[in-house]
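What follows is a set of notes on a single structure, which appears directly below.
The values are calculated or read from the model by the stated rules, or taken from the named source; none is laboratory data. Bear in mind that the values here come from a model prediction, so they are computed numbers and not experimental data. Every residue, glycine among them, receives a Cβ derived from its backbone with ideal geometry; neighbour counts consider all protein chains shown. Side chains included, ligands, DNA and RNA excluded: accessible areas come from the protein's heavy atoms. Shrake-Rupley method; radii C 1.70, N 1.55, O 1.52, S 1.80 Å.
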Amino acid sequence: MRADARRNLDKIVEAAAAVVAERGVNAPMEAIAKRAGVGVGTLYRRFPDRGALIAAVGDHYIHTMANALDTAAGGTADAWSAIWDFVCWAAEPGRTALATALAVLPEEAIVDRAEFARVRGEWVERFDGLVRRAQAEGSMRPDVGVEDLIHLLNVFTCHPDDLPAPVAADPGRYLRLMLDGMKAGAATPPPGAGA
């Protein structure tokens, strides 16, 4: 693909991600074309239908998450700070709108696609490495795994409408409290304690 064609494609996908975050996965294609600064015909030449465009938005989303994790990991000396920075970045209210919009789709539309699955697998592997590094450094509880962090992100980024009202009123506070519970030295409940 020529460089100008690639830039045009990236511009369309970024515009689509912004519009989908604002208006949901059924946002008008015309609104996406307008945001991208292209005609509707150009949009349909690149993406023959809404499903193809939304799949590209999903790929854009997971690439953004992977890049953000790498940035956080490279921006701090210790792994716990990188985890903290990444999770807080991913759960910022403006950023979660796209994850929330995409979460309503069936898995085969986004998650099961080859590119998304490949990048997500690499992202999980790097995230797991960061968790293991934090544990080796003694800054993270040894009984917490990467899946715990992924579940936490899933709640705060993909399903914020399901949060209880007091949590939804200040999600950042509750996210930080939950992260604090994953730090080394945090109290561990006795076996069999309430769920």
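Determine if the range 81-95 includes at least one residue that is over 15 Å from the mean Cα position of the chain (by Cα), basic (Lys, Arg) and either under 23 Å from LEU9 (Cα atoms) or outside any helix (DSSP H, G or I) (or both).
Among the residues of the range 81-95, not one is over 15 Å from the mean Cα position of the chain (by Cα), basic (Lys, Arg) and either under 23 Å from LEU9 (Cα atoms) or outside any helix (DSSP H, G or I) (or both), which makes the answer no.
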Original post:
Limited to the range 144-160, what total is found for residues that are in a helix (DSSP H, G or I) and over 18 Å from ALA184 (Cα atoms)?
Top reply: 9
Original post:
GLY138 is checked against (1) surrounded by 13 or more Cβ atoms within 10 Å (Cβ to Cβ); (2) outside any helix (DSSP H, G or I); (3) not polar (S, T, N, Q) and fails just one. What number does that condition carry?
Top reply: (1)
Original post:
Quick check: is even one residue across the range 102-117 within 30 Å of GLY51 (Cα to Cα), open to solvent by less than 90 Å² (accessible area, probe 1.4 Å) and touching an Asp or Glu at 6+ places or on another chain (Cβ under 7 Å)?
Top reply: yes
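In this structure, is LEU98 at pLDDT 95 or above, in a helix (DSSP H, G or I), out of contact with any strand residue (DSSP E or B) (no Cβ under 9 Å at 6 or more places or on another chain) and within 20 Å of HIS151 (Cβ to Cβ)?
On the way: at pLDDT 95 or above: no; in a helix (DSSP H, G or I): yes; out of contact with any strand residue (DSSP E or B) (no Cβ under 9 Å at 6 or more places or on another chain): yes; within 20 Å of HIS151 (Cβ to Cβ): yes.
Here the answer is no, as LEU98 does not meet what is asked.
Regarding the range 30-43, can at least one residue be identified that is assigned to a helix (DSSP H, G or I) and in contact (Cβ under 8 Å) with a residue 40 or more places away in the chain? Steps first, please.
Here is the first cut: in the range 30-43, the ones assigned to a helix (DSSP H, G or I) are 30-36, 40-43.
If we keep only those that are in contact (Cβ under 8 Å) with a residue 40 or more places away in the chain as well, we get none.
Checked against the condition, which is being assigned to a helix (DSSP H, G or I) and in contact (Cβ under 8 Å) with a residue 40 or more places away in the chain, the range 30-43 yields no hits at all.
Residue by residue, here is whether (1) surrounded by 18 or more Cβ atoms within 10 Å (Cβ to Cβ); (2) small (Gly, Ala, Ser) holds:
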| residue | (1), (2) |
| --- | --- |
| ILE12 | yes, no |
| PRO28 | no, no |
| ALA31 | no, yes |
| VAL57 | yes, no |
Subject >> Residue pairs meeting the criteria (Cβ under 6 Å; at least 6 apart or on separate chains; first within 18 Å of ALA72 (Cα to Cα), in the range 126-147; second among the β-branched types (Val, Ile, Thr) and surrounded by fewer than 19 Cβ atoms within 10 Å (Cβ to Cβ)) >> reply: PHE127/VAL146; ASP128/VAL146; VAL131/VAL146
**OP:** Quickly run through the range 161-180 and pick out the residues that are assigned to a helix (DSSP H, G or I) and more than 27 Å from VAL111 (Cβ to Cβ).
**Re:** ALA165, PRO166, ALA169, ARG173, ARG176, LEU177, ASP180
Subject >> Which listed residue is without any contact (Cβ under 8 Å) to a residue 60 or more places away in the chain and aromatic (Phe, Trp, Tyr), from TRP84, TRP89, TRP80 >> reply: TRP89
Original post:
Which ones in the range 59-81 are over 20 Å from ARG95 (Cβ atoms), open to solvent by less than 70 Å² (accessible area, probe 1.4 Å) and out of contact with any strand residue (DSSP E or B) (no Cβ under 9 Å at 6 or more places or on another chain)?
Top reply: ASP78
